[in-house]
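**Student:** I am attaching a structure below and will ask some questions about it afterwards.
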Amino acid sequence: MPARARVLLLSVLVVAIACTPSAEAPSSASRDAAADSIASAAPGTDIYLAALERTEAGALQVGAPTNVTRRSGYDNQPTFVREGGALLYTAVQEAQTDVYRYSINGDSTTRITTTSVSEYSPTPRPDGAMTLVRVEEDGRQRLWTYTGQGQPEAPLFSDLPRVGYHAWANPEQVLLFVLGDPPSLQQALVETKARDTVATRIGRSLQPVPGRPAVSFVQVAGDSTTTLHLFDARTGGVQRIGGTPGSGRSVDHAWTPDGTLLMADSTFVYARSPEAEEWSRVGDLAPLEPSRLAVSPDGGTLALVAADS
């Protein structure tokens, strides 16, 4: 296998392993041993959009999902752009990942990054274009700033080579999923480059909390049960939000603008409003098993990922 193709396929393996709640970074030996057998390492997934609506009684409900990527292969990690109306997402084309933009009104897709390496986790930056996890030729996974036209600018933290995911608490503070055994959550300051560990044994889903400088995350216990927590950037403190619905092992979550939490488990989407203590089912998307939730800025649309049908 050519060296460049090997690096690209290894990048799929490393980030795919990071997606599991109990993720740990594979050793270089295990990655080398697996490289030649992972031509199809990235799972076949599609991105769907579904309406988020309120009933006359005020209850939230999820509408019928529509497949917007409609192809065989890996389409994943959707996030809405700040102004709404479009999604950024990651897709595998020709054994590497790039970032694409899907225009909702135009039902059209544009390739954003065209570099020689793989990019993951496209995230709008509060005071700039976007940040991506860039898998470099030497295998480092660093957080980079990119222009809106998909041109790489610079790594934000040059000495941190094992980033999996990230979320912005405010323009100067970012929360990082750092690969390790176990994976950890680190908060980092852009200007000073200072950072410290907030939590360990975390899941992949990091979400900005609407209306406040905070990021929520899932912590994974030894028995794989999960709990939701919140990091407050103003105080540096962590507070427990509560348990997760369904099997109690949910990882993926998202917030609506009014502060309602959404989580996926099996074929179901659950919601918990700010004033409620219990979760309620707001959608059954069978046969789809939704994951990787994202909510549009206006709160009217839910993006989700499911296996290729």
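Rule-based calculations on the coordinates, nothing more; no lab input. What you see is a predicted model, and the numbers here were worked out from it, not measured in a lab. Every residue, glycine as well, gets a Cβ built from its backbone with ideal geometry; the counts of neighbours run over all protein chains shown.
**Student:** Quick one: order Tyr270, Tyr120 by neighbouring beta-carbon count within 10 Å, fewest to most.
**Tutor:** So the residues, fewest neighbours to most, are Tyr270, Tyr120.
**Student:** For a footprinting-style exposure proxy, rank Ser266, Ser158 by other Cβ within 10 Å, fewest first.
**Tutor:** In increasing order of surrounding Cβ atoms, one gets Ser158, Ser266.
**Student:** Would you mind ranking Ser205, Ser103 by Cβ crowding within 10 Å, fewest neighbours first?
**Tutor:** Neighbour counts put them in this order, fewest first: Ser103, Ser205.
**Student:** A follow-up question, please. Volume per residue, Å³, of the convex hull around the alpha-carbon atoms of segment 152-266?
**Tutor:** It is 121 Å³ per residue.
**Student:** Could you work out the relative contact order of the chain? I mean the mean sequence separation of Cα pairs under 8 Å and 6+ apart, divided by the number of residues, in percent.
**Tutor:** 16 percent
**Student:** First check a/c for the chain, with a ≥ b ≥ c the square roots of the eigenvalues of its C-alpha gyration tensor; if it is under 1.5, answer rounded, and if not, answer prolate when a/b is larger than b/c or oblate otherwise.
**Tutor:** rounded
**Student:** Convert 4 °C to kelvin, take the viscosity as 1.567 mPa s, use the Kirkwood radius over C-alpha pairs of segment 36-131 as Rh, and evaluate the Stokes-Einstein diffusion coefficient in µm²/s, rounded to a whole number.
**Tutor:** After rounding, the answer is 87 µm²/s.
**Student:** Further, regarding this structure: Per residue of segment 292-303, what does 6.51 cos²θ - 1.76 cosθ + 1.60 with θ = phi - 60° give for ³J(HN,Hα)? Whole Hz please, x for Gly and Pro, Karplus curve as stated.
**Tutor:** Each residue of segment 292-303 in turn: 6, 6, 8, 10, 5, x, 8, x, x, 9, 10, 9 Hz.
**Student:** What are the residues whose amide H is under 5 Å from the amide H of Thr200, where those residues sit 5 or more places off or on another chain and H is modelled from the backbone?
**Tutor:** Under 5 Å from the amide H of Thr200: Leu185.
**Student:** To the nearest 20 Debye, how big is the dipole of the chain about its Cα centre, given +1 on the beta carbon of each Lys and Arg and -1 on that of each Asp and Glu?
**Tutor:** Here the size comes out at about 360 debye.
**Student:** I've got another one for you. Would you please state the base-10 log of I(q)/I(0) at q = 0.13, 0.14 1/Å for segment 169-232, with intensities from the Debye formula using one equal scatterer on every alpha carbon?
**Tutor:** Normalising to I(0) and taking log10 leaves -0.34, -0.39.
**Student:** Another one. How big is D, in µm² s⁻¹, for segment 211-275 by Stokes-Einstein at 10 °C and 1.306 mPa s if Rh is the Kirkwood radius over C-alpha pairs?
**Tutor:** This corresponds to a translational diffusion coefficient of 128 µm²/s.
**Student:** Further question: Enumerate by residue number the GluC sites (Glu not before Pro) in segment 171-275 meeting two conditions: DSSP loop (anything except H, G, I, E, B), and at most 12 other Cβ atoms within 10 Å of the site's Cβ.
**Tutor:** Those satisfying the criteria are Glu191, Glu275.
**Student:** Which of the peptides 231-241, 175-185 is most tightly packed, and how do the rest follow, judged by the mean count of other Cβ atoms within 10 Å per residue?
**Tutor:** 175-185, 231-241
**Student:** In whole Hz, what ³J(HN,Hα) sequence does segment 147-159 give by Karplus (6.51, -1.76, 1.60; θ = phi - 60°), x for Gly and Pro?
**Tutor:** 3J(HN,Hα) across segment 147-159, in whole Hz: 6, x, 8, x, 8, x, 9, 6, x, 7, 10, 5, 9.
**Student:** Please sort 45-51, 300-306, 207-213 by packing, taking for each peptide the average over its residues of neighbouring beta carbons within 10 angstrom, highest first.
**Tutor:** Highest to lowest by the protection proxy: 300-306, 45-51, 207-213.
**Student:** A further question on this structure: For His253, enumerate residues with amide H under 5 Å from its amide H, sequence gap 5+ or separate chain, H modeled in the peptide plane.
**Tutor:** It is Leu293, by chain and number.
**Student:** Before anything else, pin down the relative contact order of segment 34-137: Cα pairs under 8 Å, at least 6 apart, normalised by residue count, whole percent.
**Tutor:** 17 percent
**Student:** Here's another thing I want to ask about it. Whole number please: convex hull volume per residue of the Cα set in segment 81-186, in Å³?
**Tutor:** 111 Å³
**Student:** What number does segment 135-199 give for Rg over Rh if you use C-alpha atoms and the Kirkwood radius?
**Tutor:** Rg divided by Rh gives 0.96.
**Student:** Only four residue types carry charge here, +1 at the Cβ of Lys and Arg and -1 at the Cβ of Asp and Glu. Report the dipole size of segment 39-95 about the Cα centre in Debye, rounded to the nearest 20.
**Tutor:** Here the size comes out at about 20 debye.
**Student:** Here's a follow-up. Taking 2.2 N^0.38 Å as the expected size of a compact globular protein, what ratio does the Cα radius of gyration of segment 258-309 give against it, to two decimals?
**Tutor:** Its radius of gyration relative to the 2.2 N^0.38 Å reference: 1.15.
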